[in-house]
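Below is one structure; the comments refer to it alone.
The numbers here are math on the coordinates, done by the rules we state, and not lab data. As the structure is a prediction and not an experimental result, all values here were calculated from the model. Here the Cβ positions follow ideal geometry from the backbone for every residue, glycine too, while neighbour counts run over all protein chains shown.
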Amino acid sequence: MSNKPILAGLFTAALLSVAGSVIAQEQVLNLYSARHYQTDEALYGNFTQATGIKINRVDADDAGILARLKAEGAASPADVILLVDAARLGKADMDGLFRPIKSAALEAAIPAQLRAKPSAEGTTWFGFSTRARIVVYNKMRVKKADVDTYEALADPKNKGLLCTRSGAHPYNLSLFGAVTEHLGEVKTEAWLKGLVANMARAPKGGDTDQIKGVASGECGVALTNSYYLARMMRSTDPEDKAAVEKIGVVFPNQQTWGTHVNVAGAGVAKSAKNLANAVKFMEYLASPAAQNYFADGNNEWPAVASVKVNNPALQAMTGGSFKSETIPISAVANNQTKVQQMLDRVGYK
């Protein structure tokens with residue numbers, strides 16, 4: 001009897017064993033990301049080059065990612081969830097989508113006010129870049145001194161001048177959640193009622209639309225995230241350049257609590273199968289090189305205070321620095337349900 005079939009079978013089994021070992025040893029990270037900026041490709045590529053961990057990425061907007069995670073449940077392959085607003089991070093946290101982690105590196109790098117409130121099990125999410133919720137005004141129609149605080153936007157002297165996107169948009173929910181921390185619920189609801197009374201038109205569009213509305217004269221003053229204005233300032237489009245020339249910029253409340261800042265951040269998914277890789281990636285995002293890619297890719301500021309970004313638009317906008325609020329961003333996120341109820345009561349669409 002020939003030994004060839006037996007030898008062939010042993011050889012095949014050996015090959016399968018080696019292949020299985022290679023697959024088992026392959027290092028991967030499954031990332032669900034609401035960020036999609038060109039510079040992020042270098043961010044992820046550098047991580048893979050440094051660690052050998054391959055990133056499998058799912059890109060969608062925040063709402064799409066949260067819906068997908070809920071639908072997948074415990075079977076979700078997600079290891080890290082990247083979202084772009086405190087309200088959205090807070091919503092994911094309240095829905096139980098994050099796994100608390102303990103990382104001395106992250107706790108040392110990310111300021112306490114830019115991460116979730118820790119529990120005995122650890123911290124659920126961390127902010128990795130910041131943006132300011134600023135005021136832009138038409139220089140021909142409005143005086144800077146009349147709109148230099150968030151509270152002033154509700155003053156009757158600004159009646160018929162204010163434009164915003166939907167009050168229920170997460171960027172506004174986060175701002176209104178911050179104001180609630182500063183003023184309390186009663187005064188915040190009265191303030192929101194004042195905003196509604198001062199509207200130049202019903203809330204619509206995105207932040208770029210608000211900036212252009214101010215430049216055209218349709219609006220006298222508007223709220224926007226700082227990176228939208230920075231994009232227009234860095235644009236080569238003649239229309240963008242012309243619009244920027246017509247508007248003034250205010251970082252509100254410099255004499256009181258400071259300008260509201262929001263975060264883009266991430267957490268380890270509750271279902272994470274590659275936990276060690278997930279924590280390693282989170283810690284990588286707090287490294288100086290990654291902070292530069294992460295923040296400057298969307299004209300933002302790093303969350304790690306020691307890291308500086310050389311962004312000409314941000315420098316021109318701020319004059320080099322500004323006073324930001326210091327309340328915990330987790331408290332801002334946790335106020336969103338209260339804020340939504342107030343918006344309903346005052347008719348802020």
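Considering the zone a paramagnetic label at Lys273 would reach in this model (a point 7 Å from Cα along the Cα-to-Cβ line), which residues of the stretch 42-83 have amide N under 15 Å from it? Residues passing the 15 Å test: 54-58, 72-80. Distance from the Cα centroid of the stretch 298-349 to that of the stretch 76-143 is 10 Å (rounded to whole angstrom).
Build a GNM of the chain with springs between Cα atoms under 10 Å apart, and of Ala152, Ala42, Ala215 the one that fluctuates most is Ala42.
Here the stretch 207-270 yields Rg over Rh of 1.09, to two decimals, using C-alpha coordinates and the Kirkwood radius. I need the Debye-formula profile for the stretch 139-255: one equal scatterer per C-alpha, no solvent, reported as log10 I(q)/I(0) at q = 0.10, 0.14, 0.18 1/Å, two decimals. Normalising to I(0) and taking log10 leaves -0.28, -0.56, -0.93.
Binning all Cα-Cα separations of the stretch 52-170 at 10 Å, short to long from zero, yields these whole-percent fractions: 10, 31, 27, 18, 12, 2. Restricting the count to DSSP beta bridges whose residues both fall in the chain, what percent are antiparallel, rounded to a multiple of 5? Around 65 percent of the beta bridges assigned by DSSP in the chain are antiparallel ones.
Measuring r between the beta carbons of Met140 and Ala289 and using R0 = 41 Å, the FRET efficiency lands at 0.40.
With a simple spin-label model that places each label point 7 Å from the Cα along the Cα-to-Cβ direction, the separation between Gln315 and Gln27 comes to 3.7 nm.
Out of every Cα-Cα pair that the stretch 196-349 contains, those further apart than 18 angstrom amount to 70 percent. What residue among Asn299, Ala316, Ser287 has its Cα farthest toward the positive end of the dipole of the stretch 268-343, where the charges are +1 on Lys, Arg and -1 on Asp, Glu, each on the Cβ? My answer, from the dipole projection, is Ser287.
Neighbour counts of C-beta atoms inside 10 Å place Trp257, Trp301, Trp125 in the sequence Trp257, Trp301, Trp125, starting with the fewest. Each residue in Phe128, Phe251 was given a count of other beta-carbon atoms within 10 angstrom of its own, and listing them fewest first yields Phe251, Phe128. Measuring max minus min along each principal axis, the C-alpha atoms of the chain give extents of 101, 43, 35 Å (largest first). Taking the longest Cα principal axis of the chain as reference, the axis of helix 62-72 is set at about 40 degrees.
Helix 39-51 axis versus longest C-alpha principal axis of the chain: approximately 30°, rounded to the nearest ten. The relative contact order of the chain, computed from alpha carbon pairs under 8 Å that lie at least 6 residues apart in sequence, is 28 percent. Extension gain, Glu121 to Thr236: 0.36 nm times the residue separation minus the Cα-Cα distance gives 36.5 nm. With Cα atoms as the point set, the stretch 299-346 shows a radius of gyration and Dmax of 15.8, 44 Å. Across the stretch 16-119, the fraction of Cα-Cα pairs farther apart than 17 Å, rounded to a whole number, is 63%.
Taking Cα centre as origin and charging only the Cβ of basic (Lys, Arg, +1) and acidic (Asp, Glu, -1) residues, the dipole magnitude of the chain rounds to 320 debye. Would you list which lysines come within 27 Å of Lys54, measuring only between C-alpha atoms, while excluding same-chain residues fewer than 8 positions from it? Here the lysines satisfying the reach criterion relative to Lys54 are Lys70, Lys102, Lys270, Lys273, Lys280.
Between the helical axis of 207-216 and the longest alpha-carbon principal axis of the chain there is an angle of about 30 degrees.
Here Val309, Val250 are placed in order of increasing Cβ neighbour count within 10 Å, fewest first, which gives Val309, Val250. Derived value for the stretch 102-180: Kirkwood hydrodynamic radius 15.7 Å. Basis is the mean of 1/r over every pair of different alpha-carbon atoms. In order along the stretch 177-188, the Karplus-derived 3J(HN,Hα) couplings, from 6.51 cos²θ - 1.76 cosθ + 1.60 at θ = phi - 60°, round to x, 5, 4, 4, 5, 7, 9, x, 5, 4, 5, 5 Hz, and Gly and Pro are given as x.
Counting only DSSP H runs of at least 4 residues, each contributing -39500 (n - 2.57), and dividing by the residue count of the chain, the helix-based mean residue ellipticity at 222 nm comes to -13500 deg cm²/dmol.
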